[in-house]
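**Student:** Pasting a structure here, questions to come.
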Amino acid sequence: MAADGGRDLITLTTDKLFADRVSESVTCPSCGAVSLFIGTTRDNFEGKKVVRLEYEAYAPMAESKLKKICSHIRTKWPSVRHINIQHRLGLVSVTEASVIIGISSPHRSDSLEALKYCIDTLKATVPIWKKEIYESGEPCWKENKE
Amino acid sequence: MAADGGRDLITLTTDKLFADRVSESVTCPSCGAVSLFIGTTRDNFEGKKVVRLEYEAYAPMAESKLKKICSHIRTKWPSVRHINIQHRLGLVSVTEASVIIGISSPHRSDSLEALKYCIDTLKATVPIWKKEIYESGEPCWKENKE
Amino acid sequence: MNTEVSVLYFAKSAELTGLKAEIITVPSNISSVQLWQDLENRHPRLSVLRGKVVLAVRQEFVSLCEQPLSLRDGDELAIIPPLSGG
Amino acid sequence: MNTEVSVLYFAKSAELTGLKAEIITVPSNISSVQLWQDLENRHPRLSVLRGKVVLAVRQEFVSLCEQPLSLRDGDELAIIPPLSGG
């Protein structure tokens, strides 16, 4: 929680995620910009048809890592107002969101830069794993490379 | 319209804008990333309380400039799939969206970079104007500076 | 040679002139600077925007300069105060 | 001196061991490399992850190295295969 009343909202859930809820939760009268990232399941991997993903998390550690990301964002971009990070767990169908991040700030460049930092750092440091389940063939645990 | 079926959606409207509609319109099975920017009305300017904004556009030229932005995005980030740019006109209350941009791509960095380019270029080159209407005192036509 | 063109006013320029649009007759080889001066003569209140506006000629931005505009009958011009979309 | 710690398995490591968690007894000054070797001895199929995993000790990442872990009774350890969240 930021000192001046900015909210850090973090959710790991098996429920479906909605962009509107995330954007509304970070919108505030003093902010002119809300930046949102939505990660969705792609339907193919190296020619294999992906039917769904299964996500698993080391939940308490994932939450503490996500809190750490929020606090780094507030150090690097002090004007950031609200941060909402939602990550889905369990089965996720193609085109459904696996992660939604919303960040608000008075001016656009801060929330846009913080958004990129947030998703990059989430992928690199938060203990969450996804398994791709294909139309045919063995499921495969993925590895973030970027 | 991109050659491979990517959609360029451009809307100038006096209707309320919704993040979910924009995000859904650019989501596609081959994309892992949707990046969204939502510009909202701030409630203050130099200590004056803003109650609403009024937007005005040189509509046909604004649309052609927005199409040009889309085509530049497709040159710079060929992996970008769908682009949806919605700009509201007329009266917009505090916390309501004046602009929503959604861009999808297979991998996140393309849609995030294209999103920043899109909103920066929109503010710099698209003939749209906003007037801030305050609780007290004369309304004021704004000027993009960033 | 004279041409008849339409001029669209937006934002503050519309407020200052009290007009959304008008049709004017100007020399076809008028420069953008001269055209602006002509509009200021018609609408003296526009002078507060001097140095801050650009024109749009057939929906392309044109800075104020001495180059002739090569206007044709029916061309659409617009007064473009500083942009503030987004 | 021995300590009793719990080990959590995630993703592929859980599939390979067939376990979500287990309680094991190890020397309190064991290094992360030795601990991984100990787990591989208990669950030989884990060897396919050798060189690809890190540990989490009390919810902090620890690379595999020779430094003693200073474990205490009840500590929570976790096997962290390559991350793939987002």
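The values are calculated or read from the model by the stated rules, or taken from the named source; none is laboratory data. Every value quoted in this text rests on a predicted model; they were computed, and no experiment measured them. With ideal geometry, Cβ positions are generated from the backbone for all residues, glycine too; neighbour counts draw on all protein chains shown.
**Student:** Mind listing whichever residues of the range D:4-24 are touching a strand residue (DSSP E or B) at 6+ places or on another chain (Cβ under 7 Å), part of a helix (DSSP H, G or I) and among the hydrophobic types (A, V, I, L, M, F, W, C)? Give the steps one after another, and end with the answer.
**Tutor:** Our first condition is that a residue be touching a strand residue (DSSP E or B) at 6+ places or on another chain (Cβ under 7 Å); within the range D:4-24, this holds for D:4-13, D:17, D:19-24.
From what is left, the residues that are part of a helix (DSSP H, G or I) are D:11-13, D:17.
Of everything in the range D:4-24, just one residue is touching a strand residue (DSSP E or B) at 6+ places or on another chain (Cβ under 7 Å), part of a helix (DSSP H, G or I) and among the hydrophobic types (A, V, I, L, M, F, W, C), namely D:11.
**Student:** Let me ask something else. In the range B:53-74, is there at least one residue being over 16 Å from residue B:106 (Cβ atoms), within 12 Å of chain A (Cβ to nearest Cβ) and surrounded by 14 or more Cβ atoms within 10 Å (Cβ to Cβ)? Walk me through how you get there before you give the answer.
**Tutor:** Residues of the range B:53-74 that are over 16 Å from residue B:106 (Cβ atoms), as a first pass: B:53-72.
With the extra rule that they be within 12 Å of chain A (Cβ to nearest Cβ), the set shrinks to B:53.
From what's left, surrounded by 14 or more Cβ atoms within 10 Å (Cβ to Cβ): B:53.
Yes; the residues of the range B:53-74 include at least one that is over 16 Å from residue B:106 (Cβ atoms), within 12 Å of chain A (Cβ to nearest Cβ) and surrounded by 14 or more Cβ atoms within 10 Å (Cβ to Cβ).
**Student:** While we're on this one: Hey, among C:22, C:15, C:4, which residue is under 17 Å from residue B:129 (Cβ atoms) and among the acidic types (Asp, Glu)?
**Tutor:** Numbers: C:22 fails: under 17 Å from residue B:129 (Cβ atoms); C:4 fails: under 17 Å from residue B:129 (Cβ atoms).
Matching residue, one of C:22, C:15, C:4: C:15.
**Student:** Tally the residues that are within 14 Å of chain D (Cβ to nearest Cβ) and crowded, with 20+ Cβ neighbours inside 10 Å, restricting the search to the range A:90-115.
**Tutor:** Counting residues in the range A:90-115 that are within 14 Å of chain D (Cβ to nearest Cβ) and crowded, with 20+ Cβ neighbours inside 10 Å gives 7.
**Student:** Starting from residues that are polar (S, T, N, Q) and within 7 Å of another protein chain (Cβ to nearest Cβ), keep the ones in the range A:30-43 and report whichever is surrounded by the fewest Cβ atoms within 10 Å (Cβ to Cβ). Reasoning before the result, please.
**Tutor:** So the first thing to find is which residues in the range A:30-43 are polar (S, T, N, Q), and the list is A:30, A:35, A:40-41.
Retained after the next criterion (residues that are within 7 Å of another protein chain (Cβ to nearest Cβ)): A:30, A:35, A:40.
Numbers: A:30: 14, A:35: 32, A:40: 25.
Checking each candidate, the answer is A:30.
**Student:** Can residue B:47 be described as within 14 Å of chain A (Cβ to nearest Cβ) and modelled with pLDDT under 95?
**Tutor:** Numbers: within 14 Å of chain A (Cβ to nearest Cβ): yes; modelled with pLDDT under 95: yes.
Answer is yes for this residue.
**Student:** Return the residue satisfying two criteria in turn: it lies in the range D:63-86 and is surrounded by 20 or more Cβ atoms within 10 Å (Cβ to Cβ) and closer than 23 Å to residue A:123 by Cβ, and of such residues it is farthest from the other protein chains (Cβ to nearest Cβ).
**Tutor:** Initially, the range D:63-86 is screened for residues surrounded by 20 or more Cβ atoms within 10 Å (Cβ to Cβ), giving D:69, D:71, D:77-81, D:83-86.
Cutting the leftovers down to closer than 23 Å to residue A:123 by Cβ gives us D:78-81, D:83-86.
Numbers: D:78: 6, D:79: 10, D:80: 6, D:81: 7, D:83: 5, D:84: 4, D:85: 3, D:86: 4 Å.
In this case the residue turns out to be D:79.
**Student:** Okay, moving on. Pick from the range D:19-62 the residues that are touching a residue at least 12 places away in the same chain (Cβ under 8 Å) and on the phi > 0 side of the Ramachandran plot: which of them is farthest from the other protein chains (Cβ to nearest Cβ)?
**Tutor:** That would be D:58.
**Student:** Can you spot a residue in the range B:11-29 that is in contact with a Pro (Cβ under 6 Å, 6 or more places away or on another chain) and either surrounded by fewer than 23 Cβ atoms within 10 Å (Cβ to Cβ) or within 13 Å of chain A (Cβ to nearest Cβ) (or both)? Spell out the reasoning first.
**Tutor:** Filtering the range B:11-29 down to residues in contact with a Pro (Cβ under 6 Å, 6 or more places away or on another chain) leaves none.
No, every residue in the range B:11-29 fails to be in contact with a Pro (Cβ under 6 Å, 6 or more places away or on another chain) and either surrounded by fewer than 23 Cβ atoms within 10 Å (Cβ to Cβ) or within 13 Å of chain A (Cβ to nearest Cβ) (or both).
**Student:** Where residues in the range A:75-108 are within 11 Å of residue A:35 (Cβ to Cβ) and assigned to a strand (DSSP E or B), which of them is farthest from the chain's Cα centre (by Cα)?
**Tutor:** A:105
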